[in-house]
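Scroll down for the structure; my scribbles are underneath it.
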Amino acid sequence: MDFIEASKLGSCLSKDYAEDMFRLLVNYESISASEAASRLNIHIKTTQDFLEDLCNLEIIDKEEVYEGKRPYFRYKLKARKISMMIDLTTLNLKEEISDSRLKIRIREMKNAKARFATSRSNDYISNVVIWMGEGRNRTERKINLSIPQGRFLFYLPFPTAEPLCITDIMKLADIESINIPEIVDIVQVLTDFGVIEKS
Amino acid sequence: MYYPRKLRNDFRITGFIPAIICLSVGALIWLFIGRKEGYLSVSVFFILYSGFSFWIYCRTHNQSYIASSVWQLLFGIYIATGSGYPFVRVDPKIPGLLIFLFLASTVWLFYLVFTRRAKWKGREVFELASLSIEPQPDGFTERPHPAGKTEYTRSELTGFAEFLKKNLVAMPYFEENRIVFVPVKMEEEFGYIFNPAKFRESRSWVAFDFQGNVTVNVSKRDYIGYKEELSFDQLCDSLGKLFIEFMRYYRKGEEERILYKLNELGLGLTT
């Protein structure tokens with residue numbers, strides 16, 4: 001199961017009516033959304049969405065039936081057991097990071113609307129506060145950094161300095177290659193926020 | 001040698017404020033109360049101010065402040081005893097001795113002032129750091145800049161800190177794992193003396209940690225003190241290298257070169 005499917009399933013299971021809904025699906029041979037909604041005393045749209053989500057996850061099947069000329073769906077339990085197994089290693093960006101991404105030359109953006117706070121030991125950046133919007137609508141977003149990320153940003157070239165590639169900055173900051181994914185991640189985030197510029 | 005000035009001119013008169021207050025108060029008392037009381041107020045002011053100068057000497061260990069303290073004390077005592085309106089009756093030989101000591105301390109003080117030993121050298125530090133920096137706009141960032149690594153022992157660093165403090169080049173702040181040097185410009189010294197912690201908040205600094213790493217931070221306040229927008233990364237780098245060079249001179253026992261380099265710029269005695 002990939003993470004997106006798992007999150008949808010998790011979302012379904014976390015509903016306060018989920019257990020009752022599954023009880024109905026187990027005990028009824030098939031059930032329509034209106035039957036389930038009236039039985040559990042919840043809104044029919046809520047029930048319909050829930051059942052559709054389960055359908056997409058292939059936990060239940062739906063069958064179109066007619067009452068007179070009006071078609072509607074009846075839902076039937078397909079899986080008697082649900083197991084959720086997520087391979088977290090697939091979230092590792094390392095495999096997606098090509099040499100070309102590490103060779104992108106970067107530096108701090110001129111007039112970046114961001115404030116860098118240093119750690120107590122003063123040898124790395126502990127967080128970046130980014131201001132977004134203008135005037136009264138201005139909001140700030142604070143990003144707390146891991147120590148390798150903070151050390152990386154400590155050595156990030158200044159706006160008027162020559163840009164350096166990610167690997168060179170990592171060498172300066174003495175960061176191990178095991179931290180590459182988190183470095184690439186923060187570079188991407190800060191690029192999106194206009195704090196880092198690529199050349 | 002001529003060095004182009006990159007910092008804006010500073011027309012502040014902070015250093016003269018105590019003298020202006022003293023003379024104004026003395027003149028007002030003279031006008032509204034009497035001449036003798038006017039002298040008395042000036043005398044009391046100078047004696048109190050000599051205590052203040054001595055306090056600064058204790059903070060900085062700069063000998064110009066002990067010279068000022070002695071000069072102010074002697075001047076205050078002279079007004080109280082040797083002027084045409086003595087408040088304290090003393091042996092007739094005492095005023096003569098006082099005058100001699102007063103003149104001697106004046107010579108000492110003038111020597112220290114004209115040899116720039118009484119000058120807070122923050123301005124010289126920033127001028128020297130910016131000598132070869134080209135203008136380049138929009139470079140400012142609040143991030144500190146890693147300026148490199150150099151070698152020194154902990155005791156050498158402590159000695160270096162004492163040297164820079166004593167010669168009013170940069171005031172040291174001792175932290176757990178490093179010493180931070182904050183250059184103080186002339187006319188800003190009272191800010192440092194009265195509240196060093198607050199003074200440091202918006203100032204530029206150079207930090208030497210106990211592993212040999214040197215970090216620089218140029219504050220916005222000091223950056224806009226330059227006439228032009230200088231290349232910010234080069235400025236930080238240059239300031240770091242300047243202090244690394246100072247440290248090298250200090251370790252070689254050639255610390256006088258530091259003062260020579262700063263004094264060579266020939267900036268005004270009161271700026």
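What to note about this one:
- Residues of region B:183-197 classified as more than 20 Å from B:Asn9 (Cα to Cα) and surrounded by fewer than 20 Cβ atoms within 10 Å (Cβ to Cβ), total: 5
- Selection from region B:106-148 of residues that are crowded, with 20+ Cβ neighbours inside 10 Å and among the polar types (S, T, N, Q): B:Ser130, B:Thr141
- When the residues of region B:26-47 are filtered to those that are of a type in the set (A, V, I, L, M) and surrounded by fewer than 15 Cβ atoms within 10 Å (Cβ to Cβ), the one that is farthest from B:Thr106 (Cα to Cα) is B:Ile33.
- Among the candidates B:Phe140, B:Phe190, residue that is in contact (Cβ under 8 Å) with a residue 40 or more places away in the chain, assigned by TED's automatic domain parsing to the domain that holds B:Arg251, touching a helix residue (DSSP H, G or I) at 6+ places or on another chain (Cβ under 9 Å) and within 18 Å of B:Gly240 (Cα to Cα): B:Phe140
- For A:Phe116: the one exception among (1) hydrophobic (A, V, I, L, M, F, W, C); (2) within 24 Å of the chain's Cα centre (by Cα); (3) farther than 30 Å from A:Ser32 by Cβ: (2)
- If you go through region B:149-163 and keep only what is without any contact (Cβ under 8 Å) to a residue 40 or more places away in the chain and either surrounded by 12 or more Cβ atoms within 10 Å (Cβ to Cβ) or in contact with a Pro (Cβ under 8 Å, 6 or more places away or on another chain) (or both), you end up with B:Thr158, B:Ala161.
- Qualifying residue in region A:77-86 (condition: closer than 30 Å to A:Cys12 by Cβ, in a strand (DSSP E or B) and more than 14 Å from every other protein chain (Cβ to nearest Cβ)): yes
- Qualifying residues in region A:52-85 (those that are surrounded by 15 or more Cβ atoms within 10 Å (Cβ to Cβ) and among the β-branched types (Val, Ile, Thr)) - the one nearest to A:Glu35 (Cα to Cα): A:Ile60
- Some residue of region B:245-268 being under 22 Å from the mean Cα position of the chain (by Cα), modelled with pLDDT of 90 or more and under 12 Å from B:Ala147 (Cβ atoms): yes
- Residue tally, condition aliphatic (A, V, I, L, M) and more than 17 Å from B:Ala129 (Cβ to Cβ), over region B:255-271: 1
- Residue check, A:Asn137 farther than 29 Å from B:Leu230 by Cα and in the same structural domain as A:Ser100 (by TED's automatic domain parsing): yes
- Selection over region B:202-254 of residues that are without any contact (Cβ under 8 Å) to a residue 60 or more places away in the chain and part of a helix (DSSP H, G or I) gives a count of 3.
- Scanning region B:166-179 for residues that are buried (at least 18 other Cβ atoms within 10 Å of the Cβ) and more than 29 Å from A:Phe152 (Cβ to Cβ) gives B:Asn167, B:Leu168, B:Val169, B:Ala170, B:Met171, B:Pro172.
- Residues of region B:7-42 classified as within 20 Å of the chain's Cα centre (by Cα) and not in a helix (DSSP H, G or I), total: 7
- Condition check for A:Arg101: surrounded by fewer than 12 Cβ atoms within 10 Å (Cβ to Cβ), more than 11 Å from chain B (Cβ to nearest Cβ) and not in a loop (DSSP other than H, G, I, E, B): no
- Applying a threshold of 8 Å to beta carbon distances and a minimum spacing of six or more residues, or different chains, the list of pairs starting in region B:1-26 at a residue that is more than 25 Å from B:Gly266 (Cβ to Cβ) and ending at one that is exposed (fewer than 13 other Cβ atoms within 10 Å of the Cβ) reads B:Ile20/B:Ile13.
- Members of region B:206-237 found to be more than 9 Å from chain A (Cβ to nearest Cβ) and either at positive phi or among the β-branched types (Val, Ile, Thr) (or both), listed by number: B:Val206, B:Gly212, B:Val214, B:Val216, B:Val218, B:Ile224
The values are calculated or read from the model by the stated rules, or taken from the named source; none is laboratory data. Everything numeric here is computed off the predicted structure, so don't read it as measured data. Glycine gets a Cβ as well: all are built from the backbone with ideal geometry, and neighbour counts include every protein chain shown.
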